[in-house]
Amino acid sequence: MKFLKKLLDFYIQSSIHVGFAVFCLVKTTEITAKLHPIPFFSICVFFATILGYNFLKYLEVFCKGNFYSTKYYSILLVSVFSCIGMFFTFINLKNSIQIYVLIFGLLVLLYPLLRKFGLVKLFFVSGVVTFITICIPYANTKFLMLDFEINLIQRLLLLSSLLIPFEIIDSPFDPISLQTIPQKFGINKSKLFGMLLVIPFIILEFLKSNSSLVTVLIGLVTVILIHFTSIQRNKYYTSFWVESVPILWWILVLVFK
């Protein structure tokens, strides 16, 4: 049991879980919008997400060489492997897609500069992930403009709402200068804000040419997760369960497509 817990911790801390979650968002877009998958793109996104998250989380540790536990050596190894995986999948992408991926990388580098702006940070993060999981899969593909616009707005709304539990649980540890949403408006109002974002997410689904009740279910799961968020929750609540929503979405889409 202890071994399994260590394995789960490593899976989360090395950003493999969030990498898989973003991968699932790409695959969900391809399936629900009936798009032709871009060869190597979803795998490239998986590796790039792991590398990007580990860069943001552990750069200071890596630069200082402060590897006080074998965990950091393992995370560095995962990051190096992800860098290699990203490189070999990246060079197999079309030039136009490569440009989009590079833009994604540059946006990730901007995050530390925007972290101190609470509401801006929230929509910046959800906007970047929306760009990589909606805009790029639609590139070089014929599609209905209305469906694209709805998917774009829906993804931005859902991801923004899913970030609220992270904001709440991290609020006691965030410097007050960050002025995150919970620090500025309180936990209850933050929860309400997150839940309100889900309402248009669900309503917009019925305006699409290929609407699905799976999307409605994902919206309801998100509302439940936000409702039960509290600062007393352990780290697994957000870092595993909340981040598993895109994975659940992909599984349900595969089952009911």
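Can you confirm whether Thr89 is of a type in the set (S, T, N, Q), within 14 Å of the chain's Cα centre (by Cα) and either closer than 27 Å to Thr180 by Cα or crowded, with 19+ Cβ neighbours inside 10 Å (or both)? Answer is no for this residue. Look at Leu106 and say whether it is of a type in the set (A, V, I, L, M), modelled with pLDDT of 85 or more, assigned to a helix (DSSP H, G or I) and within 30 Å of Asn234 (Cβ to Cβ). Spelling it out, it is not the case that Leu106 is of a type in the set (A, V, I, L, M), modelled with pLDDT of 85 or more, assigned to a helix (DSSP H, G or I) and within 30 Å of Asn234 (Cβ to Cβ).
Would you confirm whether or not the range 84-94 contains a residue that is modelled with pLDDT under 90 and assigned to a loop (DSSP other than H, G, I, E, B)? No, the range 84-94 contains no residue that is modelled with pLDDT under 90 and assigned to a loop (DSSP other than H, G, I, E, B). Among the residues of the range 11-27, those identified as farther than 16 Å from Phe148 by Cα and either in a helix (DSSP H, G or I) or without any contact (Cβ under 8 Å) to a residue 40 or more places away in the chain (or both) are Tyr11, Ile12, Gln13, Ile16, His17, Val18, Gly19, Phe20, Ala21, Val22, Phe23, Cys24.
On the stretch given as the range 207-228, residues that are surrounded by 13 or more Cβ atoms within 10 Å (Cβ to Cβ) and assigned to a loop (DSSP other than H, G, I, E, B) total 3.
Look at the range 238-257: where a residue is without any contact (Cβ under 8 Å) to a residue 60 or more places away in the chain and a partner is surrounded by 15 or more Cβ atoms within 10 Å (Cβ to Cβ) and hydroxyl-bearing (Ser, Thr, Tyr), sitting 6+ places away or on another chain with Cβ atoms under 8 Å, you get Phe256/Ser212. Filtered by the rule that a residue be in a helix (DSSP H, G or I), out of contact with any helix residue (DSSP H, G or I) (no Cβ under 8 Å at 6 or more places or on another chain) and not charged (D, E, K, R), the range 28-64 gives Leu59, Cys63.
The values are calculated or read from the model by the stated rules, or taken from the named source; none is laboratory data. Since the structure is predicted, the reported quantities are computational estimates derived from the model, not experimental observations. For neighbour counting, all protein chains shown are included, and Cβ atoms are generated from backbone atoms with ideal geometry for every residue, glycine included.
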